[in-house]
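Contents: one structure, followed by commentary.
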Amino acid sequence: MDVPLWLALIVVGWLGVKLVRPPWWLIAVLLIGGFLLADSVLAPVIDTAVK
């Protein structure tokens, strides 16, 4: 069964919010921070570390 990555991320994120109950500001900081890091000069370093 092939599940699209975006669907898996939405499900895992939704379960994490429901089970852990982090504050909404922390969720916003993580999302915005991840978006900004993905387009920074650190992106190649992060890419090699993840692979």
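The values are calculated or read from the model by the stated rules, or taken from the named source; none is laboratory data. This is a predicted model, so every value here is computed, not measured. When we count neighbours, we look across all protein chains shown, and the Cβ atoms used for this are built from the backbone with ideal geometry, even at glycine.
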* Structure fact -> S40 fails exactly one of (1) surrounded by 10 or more Cβ atoms within 10 Å (Cβ to Cβ); (2) at pLDDT below 90; (3) in a helix (DSSP H, G or I); (4) of a type outside the set (D, E), namely (3)
* Verdict on L31 being of a type outside the set (S, T, N, Q), surrounded by 10 or more Cβ atoms within 10 Å (Cβ to Cβ) and either part of a loop (DSSP other than H, G, I, E, B) or at pLDDT 90 or above (or both) -> yes
* To do: State all residues of the stretch 1-25 that are assigned to a helix (DSSP H, G or I) and surrounded by fewer than 10 Cβ atoms within 10 Å (Cβ to Cβ); if no residue qualifies, say none.
  => L5, W6, L7, K18, L19, V20, W24, W25
